[in-house]
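The structure under discussion appears below in the form of C-alpha cells.
The values are calculated or read from the model by the stated rules, or taken from the named source; none is laboratory data. All of these numbers come straight from a predicted model, not from anything done at the bench. Ideal geometry is used to build each Cβ from the backbone, glycine not excepted, and the neighbour counts take in all protein chains shown.
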Amino acid sequence: MTEELSEPEAWELLCEYTKGEALRKHARQVESCMQAMARHFGQDEKAWQIAGMLHDLDYEMYPDQHCIKAKEIMEERGIDPLYIRAMLCHAWGERTQEKPESEMEKSLFTVDELSGLINAACLVYPSKSIEDCTKKSVLKKFKDKRFSAKIDRDHILQGCEMLGMPLEEVVDICIGGMKENKELCGF
C-alpha cells in the first residue's frame with residue numbers, strides 16, 4: 001500500500017529530516033521549478049512539487065548515505081514509488097544508477113542544480129530578489145565557470161538534452177516558477 005502525500009505532509013516529512021534553513025529553501029526552490037516544469041509538460045503540478053520537495057530528504061542527516069537512506073525512509077512510510085524513483089533519479093550517475101526516464105525524473109535531474117545557480121545569481125543583485133533575475137543574467141553566470149563553481153553545468157546540460165529542451169527555455173521556466181512562489185522560495 002502506498003501513501004498519497006499532501007503538500008503539508010511532504011513538508012512535515014522533509015522538516016523531520018532537514019533542520020537547516022538553506023536546505024529547506026533549496027527544497028522549496030526545486031519544488032517551484034518542478035511545478036513550473038509540470039505546467040510546461042501539462043502534468044500533475046502537485047505530484048511534481050512533492051517530488052521536488054523531497055529530493056534531498058536525507059541529505060542533511062545522512063550525507064554519506066544520500067538517496068539510500070531517503071529510499072529506506074520513504075519505503076518504510078509506504079510513500080508512492082513515483083517519488084522514490086524521482087528522488088533516486090536526481091542523483092543518477094553520482095550516487096545512484098537510476099536513469100531518469102519520465103519527464104518528471106528528467107526535470108528533477110535538471111532543475112536541482114539549475115535552481116542553485118538561479119539562487120546564486122539572485123544573491124549578486126542589491127535586492128537579492130528573484131524579481132530582478134533575468135534569463136540573460138543566469139545564462140551569463142552559467143558561462144562563468146568561476147561563479148558558483150560547485151554547480152555542475154554539465155549535469156544541467158545533460159538534463160536539458162534528456163528533456164529535448166534548450167537550456168534557455170528551462171532557465172526561463174524555472175525563473176518563472178521561482179518568481180511565482182518568491183515568498184515560499186525565500187526571496
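Lys106: part of a helix (DSSP H, G or I), under 12 Å from the mean Cα position of the chain (by Cα) and of a type outside the set (Ser, Thr, Tyr), yes or no?
On the way: part of a helix (DSSP H, G or I): yes; under 12 Å from the mean Cα position of the chain (by Cα): yes; of a type outside the set (Ser, Thr, Tyr): yes.
Yes: the conditions hold for Lys106.
Find all pairs meeting these conditions: Cβ atoms under 6 angstrom apart; at least six residues apart or on different chains; first residue within segment 6-28 and over 14 Å from Ile73 (Cβ atoms) and loosely packed, with under 12 Cβ neighbours inside 10 Å; second residue among the charged types (D, E, K, R) and modelled with pLDDT of 95 or more.
Between residues of segment 6-28 that are over 14 Å from Ile73 (Cβ atoms) and loosely packed, with under 12 Cβ neighbours inside 10 Å and residues that are among the charged types (D, E, K, R) and modelled with pLDDT of 95 or more, the close pairs are Gly20/Glu60.
Would you mention how many residues in segment 113-146 are in a loop (DSSP other than H, G, I, E, B) and either of a type outside the set (D, E, K, R) or within 20 Å of Lys182 (Cα to Cα) (or both)? Talk me through it step by step, then tell me what you get.
The initial filter retains those residues of segment 113-146 that are in a loop (DSSP other than H, G, I, E, B), namely 124-129, 133-134, 144-146.
Still in the running and either of a type outside the set (D, E, K, R) or within 20 Å of Lys182 (Cα to Cα) (or both): 124-129, 133-134.
Qualifying residue count for the region: 8.
Within segment 152-166, take every residue that is assigned to a helix (DSSP H, G or I) and of a type in the set (A, V, I, L, M, F, W, C) and give me the one that is nearest to Gly116 (Cα to Cα).
Among those that are assigned to a helix (DSSP H, G or I) and of a type in the set (A, V, I, L, M, F, W, C), it is Ile156.
Identify, from the list Met34, Met61, the residue that is in contact (Cβ under 8 Å) with a residue 12 or more places away in the chain and more than 17 Å from Lys179 (Cα to Cα).
Every option except Met61 fails the conditions.
Just one of (1) surrounded by fewer than 22 Cβ atoms within 10 Å (Cβ to Cβ); (2) assigned to a helix (DSSP H, G or I) trips up Ala149, so point out which.
(2)
Here's a check for you: in segment 54-95, which residue that is of a type in the set (Asp, Glu) and within 16 Å of Gly20 (Cα to Cα) is surrounded by the most Cβ atoms within 10 Å (Cβ to Cβ)?
Filtering first and then ranking leaves Asp56.
Filter segment 71-105 down to the residues that are hydrophobic (A, V, I, L, M, F, W, C) and free of Cβ contacts under 8 Å to residues at least 24 places away in the same chain and list them by number.
Result: Met74, Ile84, Leu88, Cys89, Trp92.
Can we say Met61 is under 18 Å from Leu88 (Cβ atoms), part of a helix (DSSP H, G or I), modelled with pLDDT of 95 or more and not acidic (Asp, Glu)?
no
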